[in-house]
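Student: Mind looking over this structure? Questions follow.
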There are 2 protein chains.
Amino acid sequence: MRTYEIRHEVGIKAEPEGVYQALTDIKKLAGWWTSDTRGDGSEVGGLLEFWFGENCHRFEVVELQPGRLVHWRAKPVDSSDEWVGTEVSFSLATNEKQCYVRFRHSGWHNNDGIFPHTSTKWAVFLLSLKDLLEKGRGQPAPNDVQVNHD
Amino acid sequence: MRTYEIRHEVGIKAEPEGVYQALTDIKKLAGWWTSDTRGDGSEVGGLLEFWFGENCHRFEVVELQPGRLVHWRAKPVDSSDEWVGTEVSFSLATNEKQCYVRFRHSGWHNNDGIFPHTSTKWAVFLLSLKDLLEKGRGQPAPNDVQVNHD
């Protein structure tokens, strides 16, 4: 079956080790995606929970390559969660100017519904990650940039 | 052949007629995507050019439904332009709170290369469109939010 993928890329003025830490350390994750981040992102097999009010995205860490790759798989929170079975990865590539974060959220069965909104929000949060690393402060939920009036 | 698509969605507190105008009127387009916008976006068959310094994205307007849909097809500027043959559409849907802009940039032959960067930049520009309509001022290039240090 055909699946769909959200892709993004940002370039961050930071060492890959710092970017990797912001993607694996629970306190750093809370600094750019959602303030209410729980669990353990630093070990393969670790479970991560990202809470947005009463909604949660839960992931298992499936692969880690320090300074290079962070890869999660979405786990059930409730049966209506459209993210279950999808995978998120952050691949890092460095040149003399910056560390690129190449982002994938793959395994979607369609690209309608919440897919377009999710794509826009990922851009917002990756720019928040960039701000955290470059300016020392991100805009994690609930202080994230709003893309609609829902 | 399989093709790939960038999708986004923003919700804007504005009438669909105003959003439609911001997607078809050359002066309004210059208020959110790039200040150097040329051509005619108000008629099917019109040609639009969006200049970013020495780089240009050129489109033909292929379909217009006032207050509902704007659809462009990328035309050659030079032979290295990866956008040629791709299509961009903005579909508008309104509820009591907002006008949703559902965005597609379709017809990509792969989703590597410039695709992830382009996806992130479209999110930035759609939020600029939202700001133009809600706050009276967008952030068109060259004053757009930077997503890297290239």
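Student: In the structure shown, do any of A:K121/B:K27; B:K75/B:K121; A:K13/B:K130; A:K130/B:K130 have a Cα-Cα gap over 24 Å, and if so which?
Tutor: Values: A:K121/B:K27 28 Å; B:K75/B:K121 20 Å; A:K13/B:K130 28 Å; A:K130/B:K130 22 Å.
Pairs exceeding 24 Å: A:K121/B:K27; A:K13/B:K130.
Student: Could I ask something else about it? Multiplying the sequence separation of A:V77 and A:E60 by 0.36 nm and subtracting their Cα-Cα distance, what value in nm do you get? Numbers along the way, then the final one.
Tutor: Working: separation 17, 0.36 × 17 = 6.12 nm, distance 1.20 nm.
Residue separation times 0.36 nm, minus the Cα-Cα distance, leaves 4.9 nm.
Student: Compute the semi-axes of the equivalent ellipsoid of the range A:41-110, taking the square root of 5 times each eigenvalue of the Cα gyration tensor, and list them largest first in whole Å.
Tutor: Values: eigenvalues 123, 36, 25 Å².
Each semi-axis is the square root of five times an eigenvalue, giving 25, 13, 11 Å.
Student: Follow-up question, since we're still on this one. Beyond 29 Å, what percent of the Cα pairs of chain A remain?
Tutor: On the way: 1088 of 11175 pairs.
Across chain A, Cα pairs with separations above 29 Å total 10 percent.
Student: What share of all Cα pairs of the range A:70-145, in percent, falls into each consecutive 10 Å distance bin?
Tutor: All Cα pairs considered, the percentages come to 16, 42, 33, 8, 0.
Student: Still on this structure, I have one more. Give, rounded to the nearest 20 debye, the magnitude of the charge dipole that the range B:1-116 has about its Cα centre when Lys and Arg contribute +1 at Cβ and Asp and Glu contribute -1 at Cβ.
Tutor: My answer is approximately 340 debye.
Student: To continue, here is another question. Per-residue counts of other Cβ atoms within 10 Å, averaged by peptide: what ranking do you get for B:99-108, A:111-120, A:92-101, A:60-69, highest first? Could you put the intermediate results ahead of the total?
Tutor: Working: B:99-108: 20.5, A:111-120: 18.9, A:92-101: 16.9, A:60-69: 14.9.
So the order, starting with the most tightly packed, is B:99-108, A:111-120, A:92-101, A:60-69.
Student: Quickly work out the A:L47-to-A:D131 label distance, labels modelled 7 Å from Cα along the C-beta direction, and quote it in nm with one decimal.
Tutor: The answer from the label model is 3.2 nm.
Student: Let me ask something additional. Can you tell me the orientation of helix B:115-135 relative to chain B, as the angle in degrees between its alpha-carbon axis and the longest Cα principal axis, to the nearest 10?
Tutor: Tilt relative to chain B: about 20 degrees.
Student: Using a 7 Å offset from Cα along the direction of the beta-carbon, what are the separations from B:P66 to the same position in each other copy, nm, ascending?
Tutor: Label point to label point, same position, other copies: 6.4 nm.
Student: May I pose another question? Please report, for A:D131, the nm distances (one decimal) from its label point, 7 Å out from Cα along the beta-carbon direction, to the equivalent points in the remaining copies, shortest first.
Tutor: 1.1
Student: For the range A:1-86, which semi-axes, largest first and in whole Å, follow from the square roots of 5 times the eigenvalues of its Cα gyration tensor?
Tutor: Working: eigenvalues 94, 54, 34 Å².
Calculated on Cα positions only, the semi-axes equal 22, 16, 13 Å.
Student: Can you give the Kirkwood hydrodynamic radius for the range A:102-150, in Å, rounded to one decimal and based on Cα pairs?
Tutor: Numbers: mean 1/r = 0.0832 Å⁻¹.
With all distinct Cα pairs of the range A:102-150 included, I get 12.0 Å.
Student: Taking just the alpha carbons, could you work out the radius of gyration and Dmax for the range A:12-60, both in angstroms?
Tutor: According to the Cα coordinates of the range A:12-60, Rg and Dmax are 11.1, 35 Å.
Student: May I pose another question? Under 12 Å from the Cβ of B:W32, count the other residues' Cβ atoms, weight Lys and Arg +1, Asp and Glu -1, and hand me the total. Kindly include the intermediate steps, with their values, before the conclusion.
Tutor: Numbers: positive: B:K27, B:K28, B:K130, B:K135, B:R137; negative: B:D25, B:D131, B:E134, B:D144.
Surrounding charge for B:W32 is +1.
Student: A further question follows. For q = 0.16 Å⁻¹, what log10 I(q)/I(0) does the protein assembly as shown give under the Debye formula with an equal point scatterer on each alpha carbon and no solvent?
Tutor: Results for the protein assembly as shown at q = 0.16 Å⁻¹ read -1.37.
Quick note: the coordinates plus some simple rules give every number you see, no bench work behind them. This one's a predicted model, so the numbers in the text were calculated from it and none came from an experiment. Neighbour counts are summed over all protein chains in view; Cβ atoms, including those assigned to glycine, are modelled from backbone coordinates with ideal geometry.
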